[in-house]
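First the structure, in the form of structure tokens, and then the observations on it.
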There are 2 protein chains.
Amino acid sequence: MKADIGVVGMAVMGQNLALNIESKGYTVAVYNRTRERTEELARGPAQGKRVVPAYSLPAFIASLSRPRKVLVMVKAGAGTDAVLAELFPLLEEGDLLMDGGNAHFADTERRLAEAERRGLRYLGVGISGGEYGALHGPAIMPGGHREGYALVEEILLRTAAQGPEGPCCTFLGPGSAGHYVKMVHNGIEYAIMQAIAECYDLMKRGLSMTPEAMAEVFSDWNQGELSGYILEITEKILRYVDRETGRPLVEFILDTAQQKGTGKWSTQAALDEGACAPTIAAAVFARIASALKEERQAAADVLPGPRAAFNGEREVVLKELFGALYLTVVSAYAQGMRQLRQASAERGYTLSLPEVARVWMDGCIIRSRLLFPIRKALAANADLPLLFMAEPFISRWTEHHEALRNVVTRAHQAGIPVPAMSSSLDFVDAYRTARLPANVLQAQRDFFGAHTYQRVDRDGTFHTEWEML
Amino acid sequence: MKADIGVVGMAVMGQNLALNIESKGYTVAVYNRTRERTEELARGPAQGKRVVPAYSLPAFIASLSRPRKVLVMVKAGAGTDAVLAELFPLLEEGDLLMDGGNAHFADTERRLAEAERRGLRYLGVGISGGEYGALHGPAIMPGGHREGYALVEEILLRTAAQGPEGPCCTFLGPGSAGHYVKMVHNGIEYAIMQAIAECYDLMKRGLSMTPEAMAEVFSDWNQGELSGYILEITEKILRYVDRETGRPLVEFILDTAQQKGTGKWSTQAALDEGACAPTIAAAVFARIASALKEERQAAADVLPGPRAAFNGEREVVLKELFGALYLTVVSAYAQGMRQLRQASAERGYTLSLPEVARVWMDGCIIRSRLLFPIRKALAANADLPLLFMAEPFISRWTEHHEALRNVVTRAHQAGIPVPAMSSSLDFVDAYRTARLPANVLQAQRDFFGAHTYQRVDRDGTFHTEWEML
């Protein structure tokens, strides 16, 4: 019997996805460049299952029912191109190729065009959920050929996390829609992670709290409106005791965060779309700064700052901290959704933002209870410019903005950096300012570059010879 | 007699550069796609001068002495490619092509390679100074073929602004070094302009000051360490009275700042280099936010905030404001210089940062008295990681950081966005923090993606199965 679908690339994500798909009743062919991994899988977790190992790409292709459906799960970039170059000549018109890696959307557009020229169907598929999600149900964000999607819709819907509002998978749109949405998902992820790291720093340095005490706070917060995966794992991380020292492991982890590039891409793409994403950008720059560990240690001895401790009662500060985190997290979603709205219009993705919110409700890293009101707000008003312009976010802003101001103030007065929180505050404050000082910028531009300006009191385009006083 | 150099593109920058070069004793051939502009120039400002108008590209090329030296001053992007495509077949081995537009550095690399294939010499030349600088002496930032530069060195050195430490022009390095430096110049420019716009907003809304009163403040500041072109024109702008209303013109200018893309490119390139440039990024996002005028007007009625007025004496606040502006402007230069250092290492530009500082001392938009200590600090220590790690900036940080904290606090408590200032504060605070909360980020990444982490107490790379408590 031929396999229903094939997976190329048996690193952990590919393995787990193959096992996940098989567990839903499908026969899955698997292939890996190095034979050993496939053998280990066949002897190990795939034993007795409808997993068909192949040890050459022709054999792999021959094992698939037609039209063939191939999911590529290899390292994004050159790795993907290498596999596609081998696969293209083996496939036939009407076959479907899917790239489930973190491809840059521009690469997806290029590969899709190449596949199209060859009469193949192509999907760029964003997959979020890490190892666990891949095995038990990730969020799946496919985009590309709609007819290609129809061939795998049933498989993908059953493989995806079964969320509170349906399977966390839907066809998002043509072209690179899927990978673009996944990229922005990761941008939001960077921002939420950074916001939580700032809470940790404020509790640690500002309030002298232990990881155990912080875990209690995160546990509380994870019961409420902000409940979500990143909060949940943060609590678990803070509770984890290092076997060797008997102390919280988190304290022994080096403070240099790495990145694989999707947050960077998300920020770069926001800039290309002219989308305002300062919180996501701040999170990326925070990771870059974190990598300068030796420089920071040297600078700590040279550049003075205030004592990093808060005045005020712990309970008061913690209550404010919740409000600050809430608004920062909503800023991240708001900026991401806004970027998607602009990219969809600009790039023809025809995205349904409520559907994006629904797909993110389970399986993925940024799943959160917040996605219920986010989805509702987006569904109620297709033209909603920014999440903060809908309930419950108007009320939450009204309720929490002073908390955000106070937390950012406490941090800045204590010398503790809070780039995600302060950029969120500046972002919303700019958005709710009818008259910004950009008139000065336009005057400056007109002064030195004759770039002209508009006036508030009449139509037209004006230039002034400013030197003639 | 053949012309010493030719300029293609007679928009205002091209015209003014041609006239500037001619004024230094050279014969300049000029060409423009539409005949009229060249005729106007010949009849007008070029009358009686050694300006040789040409009305076809072959005639233009024929009018040049060999090896030919051609400076292209047309709209960056497709415009440049179109002109180059016409010029390439007309030129001969050893001739020199220069692009003086705001080309993206990647385009410059591509064009340089194409020119090289054809046996031509090529320079990507960043030119800053606006219309006035083009005519009276801009900062000139050439990069590409060093032997090509030798052909025009004398012309460029005489055409450039004659700065306090020599002509504001030097060969910066191979490849796209010149355009890369110009791009970062513009990124710094965006950040300084935004910082000054924030001062305006804080004086206007926080202190209820009139433009005239602000002009006095900027005039004072422009006498001191921060003295520079953008401050100078800001004072003039604030003093300019609208003829029709009899009131300060700046108040009638629409608060939507436009951009031509170099600040965006600078930020995107910083991200590619892994360079921390949050203040420059914040300035770009501030322009993007400013463009959302209608949305902001709607949001102002929906999202509440505090009363936008400061407590405290005007003199106290203004003194703090100077400190805040000082550190924000230094942040902009520090981030830009750091990006150049990283890009130079990554891209083989072999930049001399003290020379970059020297070239920026006059003619260009970001010229400022600050470039004296910046140059000195960079010259004293070739490995200086960040300007803030050298005098006088260590002392200035020590002196002003509380002012910056207080200004950002006042702004945030008053609901006035200050993205350039607050991102600068967070930037330096992160840089001087030996232990950042990025350990939490790495733990989260290891939790959901098995990305591993390092420890502070021993060598190696570790992964934890976090779920197994």
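The numbers here are math on the coordinates, done by the rules we state, and not lab data. Since the model is a prediction, treat every value here as computed from it, not as a measurement. We place every Cβ from the backbone using ideal geometry, glycine too, and count neighbours over all the protein chains shown.
Which percent, nearest 5, of DSSP beta bridges in region A:5-175 are antiparallel?
30
Summarising the amide proton neighbourhood of B:G6: residues at separation of 5 or more, or on other chains, whose placed amide H is nearer than 5 Å comprise B:A29, B:K69, B:V70, B:L71. The calculated FRET efficiency for A:A380 paired with B:A380, based on their beta-carbon distance and R0 = 45 Å, is about 0.15.
Which distance in Å, rounded to a whole number, links the C-alpha centroids of region B:249-271 and region A:129-199? For region B:249-271 versus region A:129-199, the Cα centre distance is 34 Å.
Run through region A:306-390 and list the GluC sites (Glu not before Pro) located in a DSSP loop whose Cβ has at most 11 other Cβ atoms within 10 Å. In loop regions of region A:306-390 (DSSP not H, G, I, E or B), the sparsely surrounded GluC sites (Glu not before Pro) are A:E313.
Which value, in debye to the nearest 20, describes the size of the charge dipole of chain A about its Cα centre when Lys and Arg Cβ atoms bear +1, Asp and Glu Cβ atoms bear -1, and nothing else is charged?
In total the dipole reaches around 820 debye.
For region A:49-108, the set of chymotrypsin sites (Phe, Trp or Tyr not before Pro) satisfying both a DSSP loop assignment and a count of at most 16 other C-beta atoms within 10 Å is given as A:Y55.
Distance from the alpha carbon centroid of region B:380-418 to that of region A:331-363 works out to 37 angstrom. With 22 Å as the limit on Cα-Cα distance, the pairs of A:K264/B:K264; B:K24/B:K69; B:K69/B:K260 that go past it are B:K69/B:K260. Our note on the geometry: Cα centres of region A:1-70 and region A:302-320, 54 Å apart.
Based on the Cβ-Cβ distance from A:Q258 to A:E114, what FRET efficiency comes out when R0 is 30 Å, to the nearest 0.05?
It comes to 0.45.
Please work out whether region B:82-210 counts as rounded, prolate or oblate from its C-alpha gyration tensor, where a ≥ b ≥ c are the square roots of the eigenvalues and a/c under 1.5 means rounded, while otherwise a/b larger than b/c means prolate and anything else oblate? Prolate is the answer for region B:82-210, as a/c is 1.5 or above and a/b outweighs b/c.
DSSP beta bridges fully contained in the protein assembly as shown are about 35 percent antiparallel.
The peptide list B:153-166, B:234-247, put in order of mean Cβ contacts within 10 Å with the highest first, becomes B:153-166, B:234-247. On full extension, the segment bounded by A:E40 and A:L90 gains 15.4 nm, given 0.36 nm per residue less the C-alpha separation. Around the amide H of B:L64, modelled in the peptide plane, lie the amide H atoms of B:A3, all under 5 Å away and 5 or more residues distant in sequence or on another chain. Taken one residue at a time, the phi angles of region B:399-406 give Karplus couplings (6.51, -1.76, 1.60, θ = phi - 60°) of 6, 9, 5, 5, 4, 4, 4, 5 Hz. Gly and Pro are set to x. Each copy carries a label point for A:A382 at 7 Å from Cα along the beta-carbon vector; from one copy to the others these points are 6.3 nm apart, nearest first. Helical runs assigned H by DSSP (4 residues or longer) give chain B a calculated mean residue ellipticity at 222 nm of -17000 deg cm²/dmol, each run adding -39500 (n - 2.57) before division by the residue total. The residue among A:S128, A:Q444, A:T256 whose Cα reaches farthest toward the positive pole of the charge dipole of chain A, with charges on the beta-carbon of Lys, Arg, Asp and Glu, is A:S128.
Computed from point charges on the beta carbon alone (+1 for Lys and Arg, -1 for Asp and Glu), the dipole magnitude for the protein assembly as shown about its Cα centre is near 1000 Debye. B:K204: which lysines have alpha carbons under 24 Å from its alpha carbon, excluding same-chain residues fewer than 8 sequence positions away? Correct list for B:K204: B:K236, B:K293, B:K319. Our coupling estimate for region B:358-371, obtained by passing each phi through the Karplus curve with A = 6.51, B = -1.76, C = 1.60 and θ = phi - 60°, is 5, 5, 7, 6, 8, x, 9, 5, 9, 4, 6, 4, 4, 5 Hz, Gly and Pro reported as x.
Placing R0 at 60 angstrom, the Cβ-Cβ distance between A:Y55 and A:E467 gives a FRET efficiency of 0.20 after rounding to 0.05. Counting only aspartates and glutamates at least 8 places from B:K49 when in the same chain, those with an alpha carbon closer than 16 Å to its own are B:D4, B:E22, B:E39, B:E40.
Between A:Q223 and B:E295, the distance separating the two model label sites (each 7 Å from Cα on the Cα→Cβ line) works out to 3.7 nm.
Under 5 Å between amide hydrogens, built in the peptide plane, is the criterion, and for B:V51 it picks out B:V28 among residues at least 5 positions away or on other chains. With both residues required to sit in chain B, DSSP beta bridges show an antiparallel share near 35%. Projected label points at B:N311 and B:T398, each 7 Å from Cα along the beta carbon direction, are separated by 3.2 nanometres.
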